[in-house]
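First up is the structure itself, then whatever we jot down about it.
The values are calculated or read from the model by the stated rules, or taken from the named source; none is laboratory data. Note that the coordinates shown come from a computational prediction; the quantities given were computed from them, not determined experimentally. Because the Cβ atoms are built from the backbone with ideal geometry, glycine has one as well, and the counts that use them run over all protein chains shown. When the accessible area is computed, the model is the full protein with side chains, heavy atoms only, and any ligands, DNA or RNA have been set aside. Shrake-Rupley method; radii C 1.70, N 1.55, O 1.52, S 1.80 Å.
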Amino acid sequence: MLDSWSLSLFFIMLGISAISGLLFLHPRVPLSFVRIHIGLLALPSLVSLWVLLNTSVSGVVGPWSLDPLAWLMTFFVLGIGLIIQRYSVRYLMGDRSYRKYFMLFTFTTGAASIAWLSVDLRLMVLCWGATLIGLTLLIRLNRGWKVASEASRVSGRLFSLSWLSLLFAVVWLFKVTGQWQLSLALTNDNLAQLGPWEQTGINLLIVFAVIIPAAQWPFQRWLIESVVAPTPVSAIMHAGLVNAGGIILTRFSPLFNGDIASIMLLILASISVLIGSGISLVQVDYKRQLVGSTIAQMGFMLIQCALGAYVAAISHLILHGLFKAALFLQAGSAVRPFEGSPRVNERSSFLWILAGRILGLVVGIVYWLMAPGEGYQLISALILGWSLSVSWTQLVALGKGILGRLVGLSFLGVTATVYFIIHNFFYEWLDTTVYESAQPPMSVVIIVICLLLFGSAIGTWVTRNRSSVTFALIYLWLVRLGEAKPKLVESHPNYLKGYLS
């Protein structure tokens, strides 16, 4: 009874915020109404947070899922949306699309929250399609600028392919199981009705539907070209939109059993990690650096899903979404006066750097030995050891004097502690609601690790041989990957003529 009441209250609050967004479109409504609109937006966020904190078991009411994962994603999407819209009140003041922006923003986040709350496959697909439409319209917000219009056209075409792929997968699943409710369609009895080729076909469609919005290779172009959108739009992409692949794969996790679809996802995501990291290193445009980082981070999130570590993927999704949205919102303060290249501390001890390498190696090996038979544990141990080694070098080994190293060491310890606390919290919270599927064969995991190590080794070697032809070729290739097509570049901002006339 309490679940039905809280669900009704949530949708009432969500409806009020939607009506507020539509009301703000009317030109006679004063611009100051936007602050009232922001206050109304807080209502569904607060209700979802209240339900989340008081929900510990899974349940279904009609077409709605009431498990902690559903309410967590609902609060995540609406919470980030609320913060970004509040930020945009002054940021976009004076823009001719000011009213439309808040309406589209409210529509997009509302549709996304309903999609992740829904357990009915038809409703989930429809709401996810509405979310993609809203995101496309947000990218095209300044339609007087031909660059933005072209970028939205590219995004719209790819989003359509992604949505149709998910639609075909859902219809195929229904044809075999006869169930539109996700939890019923994925029971053991219904899954037993799927032949091997049918299960593989559905899985491949879901993987294709996931890698496009996640901007994975070879579909990363839309995210690179979307940087022409207002910065708050780039920020909201990380609120269950770009990172939606983790949610979709988690919901359909009982379908995946380490077959060819999981292997393909693992390989494409690994390639995307290397390409995204390379783009973020060679770009000088701050937003494109963040886009390259997002491609790489979404690749790692999908690697986690391919290896069956869905709880880790959800925690990664949320932490990365909060972090990257914050980076986009402070993009305007990222440009500072040129102060010259910082001098490297020549007195930093080689022994300190060597100690960091050894520490990273030891921690990685110990972490892997905790569960040596799991592929995800092996990849996590590799990334953990490498991250610790790099962080130690930057924060401790290159610190200025003993005090600087102590500060760096303290910061490293606090960060690691907070991360493990949050990680364990998500595991305890979502352990009963998230299904951990089978992993691909260990041989495939080892191939992926070799691919990542080879790419890292090539990058290190090329960086140390900057005068080589190989460096020039790789550098220019990555720059080209991270740049928009010529027709999406405008030498003069012609759309501003309308403002000046």
Taking Cα atoms of the stretch 119-189, Rg/Rh with Kirkwood Rh, to two decimals?
1.17
Over the stretch 138-235, what number does the Rg to Rh ratio reach, with both radii from the alpha-carbon atoms and Rh per Kirkwood?
1.15
Can you tell me the length gained on complete extension of the stretch Arg480 to Phe168, counting 0.36 nm per residue apart and subtracting the Cα distance?
108.9 nm
Modelled FRET efficiency - R0 41 Å, Gln179 with Leu359, Cβ distances, 0.05 increments:
0.20
Given the pairs Lys324/Lys400; Lys287/Lys400; Lys146/Lys287; Lys287/Lys485, which are separated by over 24 angstrom at their Cα positions?
Lys324/Lys400; Lys287/Lys400
Heavy-atom accessible area per residue, the stretch 184-252, 1.4 Å probe: how many Å²?
25
Taking 0.36 nm per residue of separation between Cys450 and Phe33 and subtracting their Cα-Cα distance, the length gained on full extension comes to 144.5 nm
Kindly state, as a whole number, the per residue volume in cubic angstrom of the convex hull around the alpha carbon atoms of the stretch 1-136.
96
Give me Rg/Rg_expected for the stretch 187-326, where Rg uses Cα atoms only and Rg_expected = 2.2 N^0.38 Å with N residues.
1.07
If one puts a single equal scatterer on every Cα of the chain and applies the Debye formula without solvent, what log₁₀ I(q)/I(0) results at q = 0.06, 0.07, 0.10, 0.12 Å⁻¹?
-0.29, -0.40, -0.84, -1.20
Hey, what number do you get for the chain at 222 nm if only DSSP H runs of n ≥ 4 count, each worth -39500 (n - 2.57), divided across all residues, to the nearest 500?
-23500 deg cm²/dmol
